[in-house]
Amino acid sequence: MPSSPTLAADQPPTAAPDTGRGRRADLIVVIVAVVLAVWVTSGLWRDPNQRAITVNSSDQALFEWLLAFGGHAVTHGENPLFTHLLNVPDGVNLAVNTSITVYAVVFAPLTYLIGPPATFLVILTLNLAATALAWYWLLSRRLVGSRLAAGVGALFIAFSPGMVSHANAHLNWTAGWLVPLLVAAVFALRRPGRWWRGGLVLGVLVAVAFSIAAEGLFFTALAVAVFLGVWAVHPARRAQARAALPDFLRGLAVTALVAGVLLAYPLWLHFAGPQRFHGTGFDPVIHAEDIAAFGAYPSRSLAGAAGLDTSLAPNPTEENSFFGLPLLLLTVACFGLLWRRASPGRRATLTALGVTAVVFAVLSWGPLAKWNGRRTGQLLPFGVLDNLPVVNAALPSRLALVVAPVIGVLLAYTVDRLRATPPGRTAAWAWGVGFVVALLPLLPTPLLTSVRPPVPAFVTAGTWRQYVSPGGVLTPIPLTLDVTPDGQRWQAYALAHRQGEFRLPAGFFLGPGGPDGRGRIGPPPRTFDTLMDQAGRTGLVPIVTEGSIRLSRADLRYWGVEAVVLPDEVHGAKYDLDEDALRRTATALLGEPRRVDDVWLWTVPAS
């Protein structure tokens, strides 16, 4: 969850004492948050080691590998931000990927104890629950007086359509608990005499957030900047902003110093290190939010289960708005109610919230407008910004994630206002029905999961060490990529179970080699992996000539491969693969294999 314009500049309209009733309310929110988090991820809890998220098993395999590698790197004194275990011989710059180093280090004992898949599931579940609780803390302790209001706003934000969509394996984007902590720390900088301590805290938080979700940190910074800019120039807050500015700037200077020290090496790797790249290989027009998606319903919701979902997202993990028309109408009604009853100072906050939501909604539409799946050709503001550094590495559709916290804060403010000044019975019923009609269809349903092939006994039993020298290169076929992530799962198992290291010639990562100097997923293809991919996808053995045999064997020598491995069942993250065609193609290129444990094995002699 990326951003968060909040109302921290305003005091709660009512003060709720920390009584036994308040503590019971806190406990209820904790229970509801945990139950919803487990409910959303329940399909994986059936068997974490054998099940995968159906629509995004490749990202799940990647994050499992990152957890295993990060723990292994720290315990073995290796660089956690650059590795030669993937993409032999060039390696992978993890600083320009999503390395989640903080998670990998903190949860390393758990990874070694229960394995990467189960640790992945624990973190994913905790992310969702912690996001709700962090927002509840910010809302209930800083922004509103009603615990009910804080619970409504926090639970909506944590389980909003975008968060549930990214729960399809994105440990970075579901770490929404970082956002309210960052926002609270930013606003704490304005406290007289506390700027140095506030800057220290914010600097550490920035470093942690960069490790877990750098793109989310960028969005948060942009959203807070827009919010503060609008709030500070409002006539009702201009004097207050001017008075707070010196301490605020001193705090930001401390933040920059602390974060700069902590992130000096990661930032150097990111912008100047080996295997870096600029931008991404993703088309910003495709990965932009459809304007109609804001009023549509998400697939993993009660409305989606009733058949009201759409196909307006670029993929099921990017339903970043999908609020539904009733919620949009309710949000407008909430804004109107709050505006009518607001003091000039509160109107400054509402104005800043509204501007922030509109700005990020429009930016999320990308460089060209789309309506209901059809491109209109209308040039939009993101088209002007897309070539800027850092901005060109962001997917515009994800900017819509900023809108959810704005809606959640407005919902909390409205419930708090209605409880502080109860309307008539008819109006109260109307508001109650409005909240139910808007929010009930968005109640999340569990993520889709399916069985995935187990890690072969050839790996789990450590048999691979008989055919691969320490630190040598092994490759499954097809090679390890985002669409065929088996190799990274095998490597993660070996690292987490202290079997030693084997390297892979490819891998699922972002690296250089894309069009116009941009990044791409995995390395540029070579002859051997192209033939294997063709055989696996089509089920047909490609024409094998003396030339293709020579080039394929040259590829294996280039990578330093010692063993080529084909399990009985290959996991294709996007499509099924034909194991028989893969075996016949590899046999035509490398000769007859031998059967070892539960895999077909080709050894590659050193030349």
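A few comments on the model shown:
- HN-Hα J in Hz across region 77-82 - Karplus 6.51, -1.76, 1.60, θ = phi - 60°, x for Gly and Pro: x, 9, 6, x, 10, 8
- Whole-Hz ³J(HN,Hα) from phi, Karplus 6.51 cos²θ - 1.76 cosθ + 1.60, for region 448-455, glycine and proline x: 6, 10, 8, 6, 10, x, x, 5
- Amide H contacts for Y297 (H built 1.01 Å from N in the peptide plane; partners 5 or more residues away or on another chain; cut-off under 5 Å): T310.
- Accessible area in square angstrom per residue, region 421-496, 1.4 angstrom probe: 39 Å²
- Accessible area ranking (1.4 Å probe, heavy atoms, ligands and nucleic acids excluded), largest first, for I543, I521: I543, I521.
- Accessible surface of region 226-338, 1.4 Å probe, proportion on carbon and sulfur as whole %: 71 percent
- In the full protein context, region 251-406 carries 42 Å² of accessible surface per residue, based on a 1.4 Å probe and ignoring ligands, DNA and RNA.
- Close amide H contacts of G472 (hydrogens built in the peptide plane, cut-off under 5 Å, sequence separation of 5 or more or a different chain): R503.
- Volume in Å³ per residue [convex hull over Cα atoms, computed for region 315-377]: 109 Å³
- Applying 0.36 nm per residue to the separation of S450 and R584 and subtracting their alpha-carbon distance, the gain on full extension is 45.4 nm.
- J(HN,Hα) series, region 383-395, from Karplus relation 6.51 cos²θ - 1.76 cosθ + 1.60, nearest Hz, glycine and proline x: x, 7, 8, 4, 8, 6, x, 6, 4, 6, 9, 9, 8
- Cα-based helix-to-principal-axis angle, 344-364 vs the chain, degrees rounded to 10: 30 degrees
- Taken over the alpha carbons of region 367-503 as equal point scatterers, the Debye sum produces base-10 log I(q)/I(0) values at 0.17, 0.19 Å⁻¹ of -1.00, -1.08.
- Ligands, DNA and RNA left out, the 1.4 Å accessible surface of region 114-203 is 71% carbon and sulfur atoms.
- Stokes-Einstein D in µm²/s, Kirkwood radius over Cα pairs - region 476-567 at 37 °C with 0.692 mPa s viscosity: 228 µm²/s
- Packing-based order for 135-146, 352-363, using average beta carbon neighbours within 10 Å, highest first: 135-146, 352-363
- Calculated [θ] (222 nm, deg cm²/dmol) that DSSP helices of n ≥ 4 give over the chain, each run adding -39,500 (n - 2.57): -17000 deg cm²/dmol
- Each Cα pair under 8 Å and six or more residues apart adds its sequence gap; the mean of these over the residue count of region 304-446 is a relative contact order of 32 percent.
- A straight chain from Q378 to T19 at 0.36 nm per residue would run longer than the Cα-Cα distance by 123.7 nm.
- K370 long-range amide H proximity, modeled H, under 5 Å: I291, T376
- Prolate/oblate/rounded label for region 224-274 (Cα gyration tensor, a/c 1.5): oblate
- Counting only alpha carbon atoms, the long axis of helix 403-420 and the longest principal axis of the chain meet at about 30°.
The values are calculated or read from the model by the stated rules, or taken from the named source; none is laboratory data. Quick caveat: nothing in here was measured; it's all calculated off a predicted structure. Cβ sites come from the backbone with ideal geometry, for glycine too, and all protein chains shown count toward neighbours. Keep in mind that these areas ignore ligands, DNA and RNA; they rest on the heavy atoms of the full protein, side chains included. Shrake-Rupley method; radii C 1.70, N 1.55, O 1.52, S 1.80 Å.
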